[in-house]
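Read the structure below first, then the notes.
Each value in this text was obtained by applying a stated rule to the coordinates, not by laboratory testing. Bear in mind the structure is a predicted one, so any value in this text is a computation, not a measurement. Cβ coordinates were reconstructed from backbone atoms using ideal geometry, including for glycine residues, and neighbour counts include every protein chain displayed.
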Amino acid sequence: MLARDESDLKRTPLYALHLARGGKMVPFAGYEMPVQYPAGVLKEHLHTRAAAGVFDVSHMGQLALRPKSGKVSDAALALERLVPQDILGVAPGRQRYAQFTNADGGILDDLMVANFGDHLFLVVNAACKTEDEAHLRRHLSDTCDIDSLSGRALIALQGPRAESALAKICADAPSMKFMDAGPRRVAEFDCFVSRSGYTGEDGFEISVPAEHAEALVTQLLDNPDVLPIGLGARDSLRLEAGLCLYGHDIDTTTTPVEAALEWSIQKSRRKGGAHAGGFPGADKILDQFEHGAPRRRVGLKAQGRAPVREGAPLFADSTSTEAIGKVTSGGFGPSLNAPVAIGYLPTPLSAIGTNVFAEVRGQRLPLAVAATPFVPNTYKR
Amino acid sequence: MTTLYTSDHEWLSIEGDVATIGITDYAQQQLGDVVFVELPKVGRALKKAEAAAVVESVKAASDVYAPISGEVLEVNDALAAEPALVNSDAAGKAWFFKLKIADKGELGGLMDEAAYKAHTA
């Protein structure tokens, strides 16, 4: 019996490949996605850190922001009305991490913005892509044409052997540096390639026309260094890298300052900057820059072996009855061979080394605030 | 010695009035790589269907329920040091805990091996 909900799920252009490779399909953000392949989450995770893994992230949203004037700076300035980042300063062929904010300073979504010379290329989260597109149309239609690039698949190739694997079918790959982005030929296909990812490893994200996605991934998987990796390991890899998962570690109730994402807001958009403010929630966010926020996102390391998962309340000591924060992502870090978590704590208790407790199944487990990334990143800068 | 099974994929090996309890090979395959096992305290009186242990993979935590009522006589401390035993030897070395059977009548509702095989087929 096929549940109605299941039959309503969308499939990516790589659905048949996932099944052929033994992918265990689960519903995720309205899509049927592989949570793991026969190797399993643990081996997939470790293989990505040791060699290379290929991920289907075609459920994510890809958008082009084309300036009606033909000047990409007009699209950049328009987008700056919706994000606290310096988009004008993103050079052609470069990419930057950004957030759409709301009037309260909360985060509507996080995204990547690349300057492709005559337009901007955006990658947004699957669960937010419909709202994001509507948001862009509502606010930027005066200056930009907004194209939903729904005919493209998106593939991530991550790990220390990602460069050598991609170099076999894309001569330009080795010369790209972290956060370089732009149109490139991969195999015989017209792709958009960025040197970036969501694992903390060196790697690439490749946008490819949907009809060529399977051929491209098959060529990558012909290399014995490359294994297909499911969403399970994608989550454990990004958690070890200390990267935020939208809807969990960041959402409409967390500001970029509370989320410890100040590094992503350039000086030019802060008070006194060349194009300061002018984005939703600027008053609150820029005030938090100066005076601090009441709470802060932190990395947490457990002292025992028990994973501390999303939703676990945090306490200042082993007996207090009032929770001071909560875990927003947590699990087992295969490369660390230890539990790791991300959560929010009152700012005075957010310093590295501070001891707190999480309540798990009625027990108080000791945790220490730890620096992130938990596993050092290996980006090629 | 008799081995019985629950529809929740636990096995019970019965010797006299003691039941040794673990999860089945089918269950460990479904869970994936086990990274942590939490066991009940020795001496705890478990009621049938009560959460008795927790087995965690990289991606999720799953409860293991007491298949029958009884007092915990012994737990398998080897699982704390080597949770991956659950994947490599679910039906043997990776037993979870031993119960002093409170009511042998509760065994009547469990499956034998043939019935369990049919259940997972």
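I need the Kirkwood Rh of the protein assembly as shown: take the reciprocal of the average 1/r across all distinct C-alpha pairs and report it in angstrom. It would help to have the intermediate numbers written out before the result.
Values: mean 1/r = 0.0404 Å⁻¹.
For the protein assembly as shown, inverting the mean 1/r across all distinct Cα pairs yields 24.7 Å.
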Exercise. Counting alpha carbon pairs within less than 8 Å and at least 6 residues apart, what relative contact order, in whole percent, applies to region A:1-291?
Worked result: 24
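If you restrict to DSSP beta bridges whose two residues both lie in the protein assembly as shown, what percentage is antiparallel, to the nearest 5?
On the way: 107 of 112 bridges.
Bridges in the protein assembly as shown are about 95 percent antiparallel.
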Exercise. Which helices count as membrane-span-like in chain A under these terms: full DSSP H, at least 30 Å along the axis by C-alpha, Kyte-Doolittle mean of 0.5 or more?
Worked result: none
Exercise. Using the beta-carbon distance between A:Ala187 and A:Ala20 and R0 = 22 Å, what value does 1/(1 + (r/R0)^6) give for FRET efficiency, to the nearest 0.05?
Worked result: 0.70
Problem set entry | Gaussian network model of chain A, Cα within-10 Å springs - most flexible of A:Gly203, A:Gly353, A:Gly273 | A:Gly273
Exercise. For region A:182-290, which GluC sites (Glu not before Pro) are both in a DSSP coil and crowded by at most 11 other Cβ atoms within 10 Å?
Worked result: A:Glu188
Problem set entry | chain B - Kirkwood radius from inverse mean 1/r over Cα pairs (Å) | 14.1
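Filter the GluC sites (Glu not before Pro) in region A:54-152 down to the DSSP loop ones having no more than 13 other Cβ atoms within 10 Å, then list what survives.
Working: sites: A:Glu80, A:Glu131, A:Glu133; in loops: A:Glu80.
Answer in residue order: no site qualifies.
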Exercise. What does region B:53-106 give for Rg and for Dmax, in Å, if only its C-alpha atoms count?
Worked result: 12.5, 37
For this session: Name the residues whose placed amide hydrogens come within less than 5 Å of the amide hydrogen of B:Glu74, ignoring near sequence neighbours (fewer than 5 apart) on the same chain.
Result: B:Lys98
For this session: For region A:294-381, just list the percent of Cα-Cα distances falling in each 10 Å bin from zero outward, please.
Result: 19, 54, 22, 5, 1
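Enumerate by residue number the trypsin sites (Lys or Arg not before Pro) in region B:8-103 meeting two conditions: DSSP loop (anything except H, G, I, E, B), and at most 13 other Cβ atoms within 10 Å of the site's Cβ.
On the way: sites: B:Lys41, B:Arg44, B:Lys47, B:Lys48, B:Lys59, B:Lys93, B:Lys98, B:Lys100; in loops: B:Lys41, B:Arg44, B:Lys47, B:Lys48, B:Lys59, B:Lys93.
Passing sites in region B:8-103 are B:Lys41, B:Lys47.
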For this session: In Å and from the alpha-carbon atoms only, list the Rg and Dmax of region A:59-108.
Result: 11.8, 33
Problem set entry | Debye log10 I(q)/I(0) for region A:1-291, one point scatterer per Cα, at q = 0.11, 0.13, 0.15 Å⁻¹ | -0.64, -0.90, -1.18
